[in-house]
Amino acid sequence: MAVAADSPAPVTGAGTILRLIRDRRAATRTELMELTGLGRSTVSNRLDALLAHGLIVPAAGSASTGGRPPTKFDFNRRAALVLSADLGATHSRLALTDLEGEVLAERAREIAIAEGPEHVLTWLEGTFDDLIAEAGRDRSEICGVGVGVPGPVEFAQGAPVAPPIMPGWDGYPVGARLSDRFGAPALVDNDVNIMALGEYWARWREVEHLMYVKVGTGIGCGIVAGGRIHRGAQGAAGDIGHISVPESDEAACRCGNVGCLEAVAGGGAMAKRLTAMGIDAPNARAVVRLAREGRPEAVQLVRRAGRELGEVLAAAVNFFNPGVIVVGGDVADAHEQLFAGVREVVYQRSLPLATRSLRIVQGALGDRAGVIGAAVMVIEDVLAPAAVDLAVARRAAA
Ligand SMILES: [Zn+2]
């Protein structure tokens, strides 16, 4: 839901009241009055508007009796549905969620993004319809669509921009097409950004500043700053895979430079090195399997990749001061050696103040980080206080 920048929302409108209830900071009129400084009748008006929208419900055991209004309120997570998709290079996952990002139905499939937008989005639209039917719901309940793609995105346009591994997708209006199809706003972002948002939402909301590092075939990073995705001026923030690593033996990178982090520490780079040693390792997953089996060459490579990743992260930690670094992706999901290398270098190289309470952890959501994050992106947009205030005002004017 787009909100004009020049429409100042009252800081304590219905949207703010909803936020306090959603965050479980307040559930009763008295608590809301204390937190907002509003009078009882104003709080009651706001609550009535939210009740009329179905966005809140009387809390269990607090339904009105004998003409007395309910005393406690809960966020109504069932008020609407979200469609979300995490489109990967070769594997995609789709989900239907409620307004808390809980997955109600989902589907995963091997499908090549390189098949192009027509092929992939036709499948996606049909599968979204299947998920809605499977959950026994209706398309009219969809309040938004969120999609992550494996490449750079012009967020405001909802379109990929010169994505290296997505032929045919450059400038394709993914957001506009899905918005038309499902009659709801559609947001598109880079896959690592939505994974960062998913992990943040699931476990780290109190931390506020988080870096999510995906180590798969390549290496990417999503940044959550002050509870929001930091995309940068051109949507290129967090592209740590192409930061040069010192003493990295000049490995050639797909970006055209040499010595990039991804070219020495990515799963694809490690697979190439093992293959050059005469070991059968066609891809990142094979590297992980060999490392898990204790194959010394693979263990050494993964550990070294961890240290090289650590070099770049140590600098990022000094620069950004995150409260947590979440590491996910195929390679991270499988091997302790990577974490050992990352921790060793980050705690040794970063400034003590920046690492005093820094945690470096594995992702909690695994393969679902992307779909949950894409849903959260939509939920946070649709339920942003200003957006809720606008929806309430429109209803009142209608
Ligand atoms: Zn590069």
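The values are calculated or read from the model by the stated rules, or taken from the named source; none is laboratory data. On a predicted model such as this, the values are computed, not experimentally measured, just so you know. Don't worry about glycine lacking a Cβ; one is built from the backbone with ideal geometry, like all the others, and counts go over all protein chains shown. Accessible surface is based on the protein model in full, side chains and every heavy atom, while ligands, DNA and RNA are left aside. Shrake-Rupley method; radii C 1.70, N 1.55, O 1.52, S 1.80 Å.
Assorted remarks:
- Subset tally (residues that are over 23 Å from Ala269 (Cα atoms) and modelled with pLDDT of 90 or more) for region 304-354: 10
- Matching option when the condition is in a loop (DSSP other than H, G, I, E, B), more than 16 Å from the ligand (Cβ to nearest atom) and open to solvent by less than 10 Å² (accessible area, probe 1.4 Å), among Ala291, Ala281: Ala281
Here's the yes/no breakdown for (1) in a strand (DSSP E or B); (2) in contact (Cβ under 8 Å) with a residue 60 or more places away in the chain; (3) over 22 Å from Ser244 (Cβ atoms):
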| site | (1), (2), (3) |
| --- | --- |
| Leu313 | no, yes, no |
| Val327 | yes, yes, no |
| Asp330 | no, yes, yes |
| Ser357 | no, no, yes |
| Ala369 | no, yes, yes |
| Asp389 | no, yes, yes |
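- Flag if Arg292 is in contact with a His (Cβ under 7 Å, 6 or more places away or on another chain) and of a type in the set (D, E, K, R): yes
- Subset of region 184-196 that is in a helix (DSSP H, G or I) and in contact with a Leu (Cβ under 9 Å, 6 or more places away or on another chain) - its residue that is farthest from Gly126 (Cα to Cα): Ala196
- Considered as a group, the residues in region 239-253 that are open to solvent by 80 Å² or more (accessible area, probe 1.4 Å) and modelled with pLDDT under 85 include one that is nearest to the ligand (Cβ to nearest atom), and that residue is Glu250.
- Within region 220-238, considering residues that are within 15 Å of the ligand (Cβ to nearest atom) and crowded, with 19+ Cβ neighbours inside 10 Å, the one nearest to Arg295 (Cα to Cα): Gly220
- When region 1-44 is filtered for residues that are modelled with pLDDT of 90 or more, part of a loop (DSSP other than H, G, I, E, B) and of a type in the set (D, E, K, R), the ones remaining, listed by number, are Asp23, Arg24, Arg25.
- Note on region 268-278: residues that are open to solvent by 80 Å² or more (accessible area, probe 1.4 Å) and within 23 Å of Gly220 (Cβ to Cβ) amount to 1.
- Considering region 352-398, and only residues there that are in contact with a His (Cβ under 9 Å, 6 or more places away or on another chain) and open to solvent by 10 Å² or more (accessible area, probe 1.4 Å), the residue that is nearest to Gly146 (Cα to Cα) turns out to be Asp367.
- Residue within region 259-267 that is over 16 Å from Gly306 (Cβ atoms), within 16 Å of the ligand (Cβ to nearest atom) and either without any contact (Cβ under 8 Å) to a residue 12 or more places away in the chain or open to solvent by 50 Å² or more (accessible area, probe 1.4 Å) (or both) present: no
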